Amino acid sequence: MPNFHRKLERSAIGFVLAIIVVASIGGFVEIAPLFTIDETVEKAPDMRVYTPLELAGRNIYLREGCYACHSQMIRTLRDEVERYGPYSLAVESQYDHPMLWGSKRTGPDLARVGGKYSDAWQVAHLRNPRDVVPVSVMPAYRWLEDNTLKTEDLGDHLLAMRRVGVPYTQAMIDNAPADAYGQATPDTDRAAGVSERYGEATNIRAFDGDPSRVTEMDALVAYLQILGKLTDVATAPAVAAKE
Amino acid sequence: MIAGLTKLERQLSLAVLTVLALCGLAFAAAGRNDPIGTHGFVILLSAVGLMFVVMAGYYAPEPDKERLSRYYDDPTKVGIILAMAWAVFGLFFGVWVAALLAWPDLTFDAAWSSFGRIRPVHTTSVIFGFGGNALIATSLHVLQRTTRARLPDQFSPWFVLLGYNLFCVLAVSGYFMGLTQSKEYAEPEWYADIWLVIVWVVYFLIYIRTLARRKEPHIYVANWYYMAFILVVAILHIVNNLAVPVSFGSAKSYSLFSGVQDAMTQWWYGHNAVAFFLTAGFLGMMYYYLPKRAGRPIFSYRLSIISFWGIVFMYMWAGSHHLHYTALPQWVQTLGMTFSVVLLVPSWASAGNALATLNGAWHKVRDDATLRFMMVAAVFYGLSTFEGSFMAIRAVNSLSHYTDWTVGHVHAGALGWVAMISFGSIYALVPWMWKRERMYSSRLVEVHFWLALSGTVVYVFAMWNSGIIQGLMWRTYNESGTLAYSFIDSLVAMHPYYIARTLGGLLFLLGAMVGCYNIWMTIRQPGTSLAAEGSEVDEPALATSTALQAGE
Amino acid sequence: MEIGKRDPVTGKTTTGHEWNGIEELDTPVPRVVLFFLFVTILFSVVYWVLMPAWPLGVTYTKGLLGFDDRQVVASAVSDATLERAAWTDKVASMDFPAIQADEGLMRSVRETGRTLFADNCAVCHGVDAKGGPGFPDLTAKAWLWGGSPEQITQTIEFGINSGHPDTRVSQMMAFGRDGVLDRKQINDVVAYVRSLSGAEAATGDNAGRIEAGREVFAANCVACHGDTGKGNVEVGAPDLTDAKWIYGSDTQSVFNTVYGGRQGHMPHWKDRLTPIDVKVLALYVQSLDGAAK
Ligand code: HEM
Ligand code: HEM
Ligand SMILES: [Ca+2]
Ligand SMILES: [Ca+2]
Ligand SMILES: [Cu+2]
């Protein structure tokens, strides 16, 4: 060994190549098959994409760094399943570019928080968590209610998502700003297009309680209310088993 | 400093800065309604500012040929100062972030200061700002000394050092504005990522060009590690940051991968950022400054070989231990766990190699806080790798994952290993670089050492406690067979530990500030030519062969 | 740089190289390193044989144990369910009074209910269930929808204004915003409503307003809140004569209630919690004592 190595030490290029080769193996063997082994991502025919408003909300979730405290990944462990609900499936984050599985639970897991609480609670909680949960250490996000949501470039966002493989239709891309607006203003004519394009089950509400404005709060709450609800595959068998 | 550059290098600098300024201008214009516009201005201002600096020295006389018979250390000096500045900045934010979890209203109601935004400010500032600058500064120093060759030119080291710091500034200022890809330790957006690739290629070229002209037939171990650091970080960075921007005028991008593939790529990256940034690079540092300071030969050359290739090969398999019990297929988790366990052997081999090198110099460890910094670093390196391999076992990880135990492990490595080895190396390096007999005050080095050690111990013990309590509370069942504690119960239980951690961090920060003062005073104190005690044999290795230098 | 130079301290030979003063000893790799390398690799190989481990193009080695996390957790959960059956079966089959009479059973109910409540309900109703602005106090025994365990169960299962097809629906309209009442009328009825629970005493100068408010109330509010303001559990209209307030008793809050209306939203839990969980929660909530804590 030392003799061979002494030779290698004398060649800078040889050493560089050796490092590259030796270091590339592990990642290749672990990552490449995730694209080729079929069962890696389960099938979910009912899986739907994020609406433009939800996507905008997701981007706010990223911007504010919620992932630093909240996981979105319920592990296959008894206590997690009993506390948070059925364990997360790979398919549930199929359209998540990037994924938000998280690595720290300073706050609870949010993978199935959609529908767990009311919009009003979410708004009150985001405005100041300590108003509703006195011991909370979560930051207050008061500015979300004041900031009008930027919607005009959402078409570009959907297009970029399509480029990385999310099946947005041309109609969805073309109508993205209107759909974002419509989803948070149920009484306008733009609301109808949302359920037409994204399905009847889509939440169309004044999420922040104020139907006259579409704010960042609307977007974030719309996103939170859809967590765990893009497909039923994870919950369906569990509910069946419980009965 | 500009006077040290040749005319040609000054012109090259201006040309490159002009291109950079134009890029900045383009972003500023294209991103008028987007935070990327702000970053355009940051780039523009940095470039123009540096142009003024270059212009100010532009007409200085050509540097004399003599310089080629000396090592080129100006970038190292600036790198040390930048490293210390980032350390204080990053540690300050660490303390702030820690305080927020004890007293969540310390954000002054501003968006930029909320936990989720300043947490990455902390991590990036300490890892990339402090750690990265320390690595660049020391690597350029070690590279020249162990090859007995001068850096190939005087422009590219500045490009790397300042370009790298521009990357860090873009990253950190971006988080304040909410710009993030959310991938841990790879948060900066697409344009900053691209910029880092360019900087990194030049960094690699410096290395390979210097090695090509080395006067030592064999490449020294420290350089193996520095090379692995540069090369593998490049691979990781490029693959994990693949993304499609929304538009040229938008800071936002969407990661190429999604879901489970994205998770695996991210933690393949994340874990190996630990391995090749926080470990390999700093092992390179250790392999030079520790034997130097101890005045002892490396304990075993053969052990160096085993640990180096073990680390390079096996770390790359271990990333999936961040995803145990998740939706990642179990076979990948198996591989991640088993390789993490084997990985302990080369890790301890390198820690052992370092400690055994001190045989015959333990009296120095006792008397010299600088060497003690390095010794303690090696111990914490051994400790955190043992802990890491332990936590990589699935059953253990089911308890530790998502909890403060991980954070405790991180900081055993980050404070105990990364920061301590850096401080030790910097204390060794500063007198050599500024041609001082010794540090301004060895008492203050001693003070720094004890502040750092006690801060680390308080931090790590607090997090072990809180993490294990948290993990146990989440999975404890009562007699009825149902969950005994709610999430909120666990949150309340963390409070005292979060306060303790903040105090530990404060001690550590104070230590770093003491270090800054000491370094500053060392630089300011009058120089001697070169002095005996512990100083480096800084032989102008190339005095005889300057001709070889000129062209490059 | 002589090969085989000896290190004076340890007596070992060096490799003969030197980099700016640093030398290396040619110490052989310590046995213990090789030993542990062997042990850890052996462990890994055994583990690979037993567990899912290596990718093979479109599939992977499944391991001899046929071990699969998803099955493991599924059986862990169902085993646990079976184990709990000792008391949960009783909860499922017995009726409420019988359970409440069984002190041993109630201990399990309280123990389980506490965590369930804290993980699911406490963010709105508070850890102590005493509520907060907009969220009713569940310990006050001032029930909107009735306090029997059956009624509470229904509230939990289907929620209030929750969007579930079987939800309880309650709606207090926006008298001000919708232009049913003018500002003066609202001020009057606010004074009247506040006087019902003694939040506002009928002193000289507001006696007139209270009197006027009584008229407004009789014309607009009694349909839901009843002639005497005692509320109606059929429509979830609260008793306005007790000192318990959901949205606050100060003039401004009550004004806001009447002006903008109220439609509290309590989520439904049927799809999220098991029938046992819901029953446990109903019992737990009902057992809460306002005086405690
Ligand atoms: C003054 C000393 C320090 C303090 C008070 C401090 C505090 C913190 C805090 C509060 C967190 C967030 C933990 C959480 O989310 O629960 C954190 C995370 C982190 N810090 Fe530090 N830190 C310090 C020094 C350092 C240093 C020197 C480094 C690296 C060289 C470092 C690297 C990290 C990393 C990598 C994380 C992310 C950990 C994870 O995601 O699991 N820290 N730190
Ligand atoms: C043999 C060496 C090591 C192994 C096997 C190892 C293993 C691990 C494991 C299992 C985790 C927890 C993952 C999770 O549950 O989320 C972790 C986290 C971490 N380790 Fe290590 N570790 C090693 C050495 C180190 C060293 C020397 C450092 C230096 C600072 C370090 C820094 C980190 C960081 C920053 C994280 C947090 C990642 C995150 O979640 O953000 N590790 N490591
Ligand atoms: Ca993390
Ligand atoms: Ca990035
Ligand atoms: Cu790791």
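The values are calculated or read from the model by the stated rules, or taken from the named source; none is laboratory data. Fair warning: this is a prediction, and the values are worked out from it, not measured in the lab. Heads up, the Cβs are rebuilt from the backbone with ideal geometry, glycines too, and the neighbour counts pull from every protein chain shown.
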Some residue of segment B:442-453 being at pLDDT 95 or above and either β-branched (Val, Ile, Thr) or not assigned by TED's automatic domain parsing to the domain that holds residue B:493 (or both): yes
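Among B:412, B:512, which is touching a Leu at 6+ places or on another chain (Cβ under 8 Å) and within 16 Å of ligand 3 (Cβ to nearest atom)?
Values: B:512 fails: within 16 Å of ligand 3 (Cβ to nearest atom).
The unique qualifying residue is B:412.
Working carefully through the options B:485, B:402, B:477, B:459, find the one that is within 16 Å of ligand 1 (Cβ to nearest atom) and within 11 Å of another protein chain (Cβ to nearest Cβ).
Answer to the check: B:402.
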Boolean, residue C:104 is free of Cβ contacts under 8 Å to residues at least 60 places away in the same chain, in a helix (DSSP H, G or I) and more than 9 Å from every other protein chain (Cβ to nearest Cβ): yes
Residue C:241, sole failed condition from (1) touching a Gly at 6+ places or on another chain (Cβ under 6 Å); (2) part of a helix (DSSP H, G or I): (2)
Answer from B:390, B:339, B:373 - the residue that is away from ligand 3 (no atom under 16 Å from the Cβ) and either outside any helix (DSSP H, G or I) or without any contact (Cβ under 8 Å) to a residue 12 or more places away in the chain (or both): B:390
Any hit, segment A:140-161, residues being at pLDDT 95 or above, facing chain C (nearest Cβ under 10 Å) and over 15 Å from the mean Cα position of the chain (by Cα): no
Hits in segment B:193-237 (condition: free of Cβ contacts under 8 Å to residues at least 24 places away in the same chain, at the interface with chain A (Cβ under 10 Å from one of its Cβ atoms) and either within 16 Å of ligand 1 (Cβ to nearest atom) or outside any loop (DSSP other than H, G, I, E, B) (or both)): B:208, B:212, B:227, B:235
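Considering only segment A:92-110, I want to know if a residue exists there that is assigned to a helix (DSSP H, G or I) and in the same structural domain as residue A:153 (by TED's automatic domain parsing). Show your work before the answer.
Let us first name the residues in segment A:92-110 that are assigned to a helix (DSSP H, G or I), namely A:92-93.
If we keep only those that are in the same structural domain as residue A:153 (by TED's automatic domain parsing) too, we end up with A:92-93.
Yes: segment A:92-110 contains one or more residues that are assigned to a helix (DSSP H, G or I) and in the same structural domain as residue A:153 (by TED's automatic domain parsing).
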Residue in segment B:248-264 that is more than 30 Å from residue B:20 (Cβ to Cβ), within 16 Å of ligand 1 (Cβ to nearest atom) and in contact with a helix residue (DSSP H, G or I) (Cβ under 8 Å, 6 or more places away or on another chain) present: yes
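Could you identify the single residue in A:54, A:42, A:92 that is touching a residue at least 40 places away in the same chain (Cβ under 8 Å), closer than 30 Å to residue B:476 by Cα and acidic (Asp, Glu)? Steps first, answer last, please.
On the way: A:54 fails: closer than 30 Å to residue B:476 by Cα; A:42 fails: closer than 30 Å to residue B:476 by Cα.
None of the others qualify; the one that does is A:92.
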Checking residue A:177 against (1) within 24 Å of residue A:112 (Cα to Cα); (2) under 22 Å from the mean Cα position of the chain (by Cα); (3) touching a residue at least 24 places away in the same chain (Cβ under 8 Å), the condition it does not meet: (1)
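Here are B:331, B:268: which of them is under 30 Å from residue B:36 (Cβ atoms) and either within 7 Å of chain A (Cβ to nearest Cβ) or free of Cβ contacts under 8 Å to residues at least 24 places away in the same chain (or both)? Give the derivation first.
Details: B:331 fails: under 30 Å from residue B:36 (Cβ atoms).
Exactly one residue qualifies, and that residue is B:268.
Does residue B:358 qualify as being surrounded by fewer than 24 Cβ atoms within 10 Å (Cβ to Cβ) and either within 16 Å of ligand 4 (Cβ to nearest atom) or assigned by TED's automatic domain parsing to the domain that holds residue B:397 (or both)? Spell out the reasoning first.
On the way: surrounded by fewer than 24 Cβ atoms within 10 Å (Cβ to Cβ): yes; either within 16 Å of ligand 4 (Cβ to nearest atom) or assigned by TED's automatic domain parsing to the domain that holds residue B:397 (or both): yes.
Yes, satisfied.
Out of the residues in segment B:396-451 that are among the aromatic types (Phe, Trp, Tyr), in contact with a helix residue (DSSP H, G or I) (Cβ under 6 Å, 6 or more places away or on another chain) and under 19 Å from residue B:367 (Cβ atoms), state the one that is surrounded by the most Cβ atoms within 10 Å (Cβ to Cβ). Lay out the reasoning, then the answer.
Looking only at segment B:396-451, we keep the residues that are among the aromatic types (Phe, Trp, Tyr), and these are B:402, B:405, B:417, B:423, B:427, B:432, B:434, B:440, B:449-450.
Cutting the leftovers down to in contact with a helix residue (DSSP H, G or I) (Cβ under 6 Å, 6 or more places away or on another chain) gives us B:405, B:417, B:423, B:427, B:434, B:440, B:449.
Pick out the ones that are also under 19 Å from residue B:367 (Cβ atoms) and you get B:423, B:427, B:440, B:449.
On the way: B:423: 26, B:427: 28, B:440: 19, B:449: 23.
Filtering first and then ranking leaves B:427.
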